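Contents: one structure, followed by commentary.
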Amino acid sequence: MSAVSDTKAEPMIEARGIHKYFGGSHVLRGIDATIARGEVAALMGSSGSGKSTFLRCLNRIEEPSQGDVLIEGTVITDLRTDVNRVRADIGMVFQEYNLFPHMTVLENVALGLIYVRRRPRSEAQETAADALKRVGLADHVTKHPQQLSGGQQQRVAIARSLAMRPKAILFDEPTSALDPEMVNEVLEVMRTLAEEGMTMVVVSHEIGFLRKAADQLIMLDAGQVVERGPTARVLDEPEHERTREFLRAIR
Amino acid sequence: MTDIRTTIDDWRNRGAHQPWFRRYEWLAIGLVGWIAAAVLFLPPFGKPTPLGAAGVILWYLTGFVLAGVMLTDREKPILLKRATSLSVIVLFFWLFYRYSGTRWDRVQEQFFNFSRMDGVWELYAQGLLVTLQLSIVAAVLSIIFGLTFGILRTLGNPVIDLFLGLHVDIFRALPLIVSMVLIFYALPFLGIRLPAFWAAVLALVLMNSAYQTEIFRAGIESIPRGQIDAARALGLGPGATMRFVILPQAFKIVIPPLTNNLVSLVKDTAVAYVITVPELLTTAQQAVTWKRTPTPLVLSMFVYLATLIPLIHLTRRLERRLDAWNVR
Ligand SMILES: Nc1ncnc2c1ncn2[C@@H]1O[C@H](COP(=O)(O)OP(=O)(O)O)[C@@H](O)[C@H]1O
Ligand SMILES: [Mg+2]
């Protein structure tokens with residue numbers, strides 16, 4: 001667990017009063033969050049509570065209807081922002097991996113480096129190979145994603161984010177689609193990242209992992225934050241009835 | 001010797017759990033009975049009476065069913081299956097040859113009369129060249145417009161959608177021959193005069209780009225949302241996402257319908273005959289009048305087949321190669 005001591009520095013990610021409407025439905029109802037540099041924040045909440053939508057607002061894969069997102073103190077939710085630059089600096093890992101099936105593992109990881117970071121191809125492939133080594137997949141670079149197990153695919157997805165040298169990585173239920181025996185290999189990689197000081201926002205219900213890796217826990221319900229605090233405190237002495245109910249249900 | 005014995009034993013054992021009618025002995029009995037029926041009941045060669053014709057057809061169908069019973073069994077050797085299917089097909093043509101009552105010597109003289117073809121081959125080559133030019137120009141333009149329109153339709157802009165939707169509706173509904181005739185014979189009254197070749201190109205492109213708009217749109221829309229999310233999350237812009245992530249995947253999905261469309265396009269170039277474009281069919285028709293034999297027309301049929309069948313198989317190969325992504 002990394003220290004959150006650098007108080008004078010700006011938070012890495014700050015969300016201010018995020019609202020989101022899909023047509024008539026009010027999915028996010030004013031969410032605030034502050035995630036410091038090197039901090040791991042966990043989002044919890046029942047299905048449909050808006051975890052994914054909030055996470056996707058942080059890199060504007062979804063446009064917030066109202067409210068601001070700040071990355072290192074810079075507002076990214078206005079018209080002048082180059083969203084592609086913002087997104088290049090924030091990694092994202094999806095529940096369904098979303099690897100590109102028509103590319104090899106190495107090409108998957110190098111794609112952003114070549115066409116977003118504008119690195120020469122050979123250099124990009126070196127960086128990509130390094131990232132794959134970090135997630136323990138050095139032997140699989142020439143395979144296509146479909147030839148890998150779910151756990152391996154998710155690690156490729158993490159390497160794809162890592163290779164971009166992001167300021168933070170967003171994880172949306174990264175182990176929910178995995179067979180149980182593969183969950184740990186992915187969580188292990190994530191824990192190593194956390195220890196190395198990567199700023200992370202993680203939607204996850206893996207209590208054991210969160211206890212070890214997450215600094216802050218945010219509990220969402222119906223598009224609102226019902227409770228937040230240090231992970232151990234929220235898990236062991238939940239103050240809100242909704243949190244207690246939820247924790248009972250997933251245990 | 002023992003080899004053959006064990007092979008036969010092996011076959012018998014493999015067939016042991018098969019129903020009685022799929023066992024070799026019963027198949028042999030069926031085959032003998034079927035041949036005996038031919039010897040006993042089939043009418044003499046030549047044009048048969050209606051009853052005789054019915055007998056021939058019934059006899060053939062019986063053999064067909066017999067072969068079918070045998071072929072649907074997974075355990076019989078593939079060679080036997082191939083040989084059987086081939087025999088059934090050959091038998092069909094042989095029966096037709098023997099019982100249709102056609103004067104085959106006359107057929108050869110009429111349809112395959114190569115003695116009077118001097119001068120025709122050159123004409124023919126020109127026709128084929130025009131057909132190829134027409135096909136390639138129309139195909140390339142159709143793909144360019146079809147792809148562009150297909151992409152534009154996925155943007156969800158209502159104004160663009162209205163126009164492209166109209167184009168798709170109109171030119172999928174309008175028979176090609178109608179639009180071609182209109183463009184060539186009616187547009188001059190509005191002061192727009194196109195050479196026959198370009199009128200044909202225009203009509204072909206209008207129709208096929210309409211079909212292809214829908215083909216490409218469907219292909220693009222079938223790419224899962226998560227692929228786009230992943231590309232955008234990396235920082236790729238809409239154009240790069242389309243180019244590096246969506247189109248390569250959509251391309252594979254689009255190949256079968258696109259091939260169908262391009263094959264139809266090549267076939268449809270023959271419609272340009274009605275507006276005097278000197279393509280293959282037109283020149284064949286000219287040769288028919290000139291030499292007073294239908295041979296050139298028959299030949300043109302073979303040219304179409306010889307061009308299109310390899311094209312179809314080529315794309316099937318391509319499709320299979322792209323399938324390599326999906327290996328497990
Ligand atoms: N693109 C969308 N269009 C319409 N409704 C959506 C869309 N995405 C999410 N929603 C709705 O927003 C709510 C929150 O969804 P989501 O953020 O995915 O929840 P969670 O990730 O917590 O399960 C759900 O009710 C869902 O149906
Ligand atoms: Mg979700």
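The values are calculated or read from the model by the stated rules, or taken from the named source; none is laboratory data. None of the values given here were measured: they were computed from a predicted structure. Here the Cβ is made from the backbone with ideal geometry for all residues, glycine too, and neighbour counts use every protein chain on show. Only protein heavy atoms, including side chains, enter the accessible area calculation; ligands, DNA and RNA are left aside. Shrake-Rupley method; radii C 1.70, N 1.55, O 1.52, S 1.80 Å.
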- Message: Just to be sure I understand the filter: pairs with C-beta atoms under 9 Å, separated by 6 or more residues or on different chains, first member in the stretch A:158-178 and farther than 16 Å from A:E188 by Cα and open to solvent by 20 Å² or more (accessible area, probe 1.4 Å), second member more than 16 Å from ligand 2 (Cβ to nearest atom) and charged (D, E, K, R). Which pairs pass?
- Response: A:R165/A:D89; A:R165/A:R117; A:K167/A:R37; A:K167/A:E72; A:K167/A:D89
- Failed condition for A:T104, given (1) within 14 Å of chain B (Cβ to nearest Cβ); (2) closer than 18 Å to A:S204 by Cα; (3) among the hydroxyl-bearing types (S, T, Y): (2)
- Name every residue in the stretch A:17-55 that is more than 18 Å from the chain's Cα centre (by Cα), more than 16 Å from ligand 2 (Cβ to nearest atom) and among the basic types (K, R), in order of residue number. A:R29
- Message: Exactly one condition in (1) within 14 Å of chain B (Cβ to nearest Cβ); (2) within 30 Å of A:I18 (Cβ to Cβ); (3) touching a helix residue (DSSP H, G or I) at 6+ places or on another chain (Cβ under 7 Å); (4) open to solvent by less than 40 Å² (accessible area, probe 1.4 Å) is false for A:D215; which is it?
- Response: (1)
- Single residue of A:G208, A:G223, A:G197 found to be in contact with a Gly (Cβ under 6 Å, 6 or more places away or on another chain) and more than 16 Å from ligand 1 (Cβ to nearest atom): A:G197
- Exactly one of (1) over 29 Å from the mean Cα position of the chain (by Cα); (2) open to solvent by 50 Å² or more (accessible area, probe 1.4 Å) is unmet by B:G119. Its number? (2)
- Message: Just to verify a result, which residue in the stretch A:158-184, among those that are within 16 Å of ligand 1 (Cβ to nearest atom) and not in a loop (DSSP other than H, G, I, E, B), is farthest from the other protein chains (Cβ to nearest Cβ)?
- Response: A:F171
- Message: When you check B:L86 against the structure, is it loosely packed, with under 11 Cβ neighbours inside 10 Å and either of a type in the set (A, V, I, L, M) or part of a helix (DSSP H, G or I) (or both), yes or no?
- Response: yes
- Query: Just wondering, is there one or more residues in the stretch A:192-201 that are open to solvent by 10 Å² or more (accessible area, probe 1.4 Å), within 16 Å of ligand 2 (Cβ to nearest atom) and under 16 Å from A:Q95 (Cα atoms)?
  - Reply: no
